[in-house]
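First up is the structure itself, then whatever we jot down about it.
The values are calculated or read from the model by the stated rules, or taken from the named source; none is laboratory data. Quick caveat, the model's predicted, so the values are computed rather than measured. Ideal geometry is used to build each Cβ from the backbone, glycine not excepted, and the neighbour counts take in all protein chains shown.
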Amino acid sequence: MMQPEVPPGPRPVHHTRTGFRNPPGSPRRPAISGELAREAAHFMGELIRLAGHNPLPADHVIPEPLALAGYQQLGQRDKLLWLGHASFLLQLNGTTFLTDPYLTEYAAPVPTRGTRRLIPAAVAIESLPPVDCVLLSHNHYDHLDSKALRRLARRFPQAPVVVPLGLAAMLRQLGFRQVVELDWYQQSRHPQFAITAVPAIHMSRRGLFDFNKTLWCGFALEAGGQRIYFAGDTAYGPVFKDIGERCGPFDLGLVPIGAYQPRSLMASVHTTPEEAVRIGIDINARHLIGMHWGTIRLTTEPMDEPPRRFLAAPGEVSRQVMKIGESLALH
């Protein structure tokens, strides 16, 4: 895969002196106030109270042997398997991609009851079929799982990893030999596929002093005549119409539908299910699949609410939700 050259010219509007910011017109982070502090304290208290509570039905997850069998039965067709959260195995034109592989137990630097996933990954790292390319949207622990990535690098050391700006050094330290960094709308081409990093409305941080030091993104993937949009993690804003105009239409959009309450804290970083549908409309997607729900409790909405709202939301775009471990043929 080719590392794109940085074009000369003025600094892009989403670049700052110290890092990055969201596209123009994006929802703003709430101003610090006493009311916001009370809301945040209540939010944390609710997360502690709800920690470990799993209201999802047993059939929300397909056992690993059946998940692998279902995927393998689709043969060489274009297909995808939902591993949970924002992690998919996606086979296009004979190439297998792995998105945001959060595959281990905790989404935090220090394991706690509240950061433990409720549902294990559909397929263990050691059981995954061969992976040809890894896509990483940003550095949050429920998307960039360093323990999982270190193990993936041992299994698939030649697989290129495509990341937004600022993350290449970390991925090389984890053991990957080929790492491609992309800015928004930069593209990396391969004889079998092309990957374009597209804007997202979010933020980055892994510690106390690295706020927005690395970029965040979604991906537009083209392979074998198919166009797939992977949103990563995002709020909603006018930038999605631009993505649709520049990179669409899309055959499939993988859009986040969970982790949206309370809106006072989440509106600037996560979509509601209804906003996820609006993203699909804006990017001109033929079909949508909801992700970023049903795996770990990040926020306070009922864990089984996102799919109901997503399927009931207004909009003509076709859509569905999957079981963890379920596979789907793409044509």
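Points to keep in mind about this one:
- Test: Val239 is over 24 Å from Leu330 (Cα atoms) and of a type outside the set (D, E, K, R): yes
- Residue satisfying all of: in segment 124-183; hydroxyl-bearing (Ser, Thr, Tyr) and within 16 Å of Leu215 (Cα to Cα); nearest to the chain's Cα centre (by Cα) among these: Ser137
- Among the conditions (1) under 24 Å from Asp210 (Cβ atoms); (2) surrounded by 12 or more Cβ atoms within 10 Å (Cβ to Cβ), the only one that Arg11 does not satisfy is (2).
- Among (1) touching a Lys or Arg at 6+ places or on another chain (Cβ under 9 Å); (2) over 26 Å from Tyr106 (Cα atoms) - the single one Pro24 does not satisfy: (1)
- Residue within segment 195-215 that is crowded, with 17+ Cβ neighbours inside 10 Å, among the aromatic types (Phe, Trp, Tyr) and either modelled with pLDDT of 95 or more or touching a helix residue (DSSP H, G or I) at 6+ places or on another chain (Cβ under 9 Å) (or both) present: no
- Subset of segment 104-122 that is at pLDDT 90 or above and hydroxyl-bearing (Ser, Thr, Tyr) - its residue that is nearest to Arg49 (Cα to Cα): Tyr106
- Residue check for Arg38: closer than 26 Å to Gly166 by Cα and free of Cβ contacts under 8 Å to residues at least 12 places away in the same chain: no
- Selection of segment 227-257 for residues being closer than 14 Å to His202 by Cα and hydroxyl-bearing (Ser, Thr, Tyr) yields Thr234, Tyr236.
- Within segment 309-331, the set of residues being under 20 Å from the mean Cα position of the chain (by Cα) and charged (D, E, K, R) comprises Arg309, Arg319, Lys323, Glu326.
- Residues that are under 28 Å from Ile296 (Cα atoms), polar (S, T, N, Q), out of contact with any Asp or Glu (no Cβ under 7 Å at 6 or more places or on another chain) and surrounded by 18 or more Cβ atoms within 10 Å (Cβ to Cβ) within segment 137-188 comprise just one, Asn139.
- Unique residue being in contact with a strand residue (DSSP E or B) (Cβ under 9 Å, 6 or more places away or on another chain), more than 30 Å from Lys213 (Cα to Cα) and touching a residue at least 12 places away in the same chain (Cβ under 8 Å) when the list is Leu50, Leu80, Leu66: Leu80
- One residue stands out in segment 92-123 among those that are over 16 Å from Ala259 (Cβ atoms) and β-branched (Val, Ile, Thr): the one that is nearest to the chain's Cα centre (by Cα), namely Thr99.
- Strands (runs of 3 or more DSSP E) contained entirely in segment 123-231, each with at least 3 residues that are in contact with a Phe, Trp or Tyr (Cβ under 8 Å, 6 or more places away or on another chain) and without any contact (Cβ under 8 Å) to a residue 60 or more places away in the chain: 193-198
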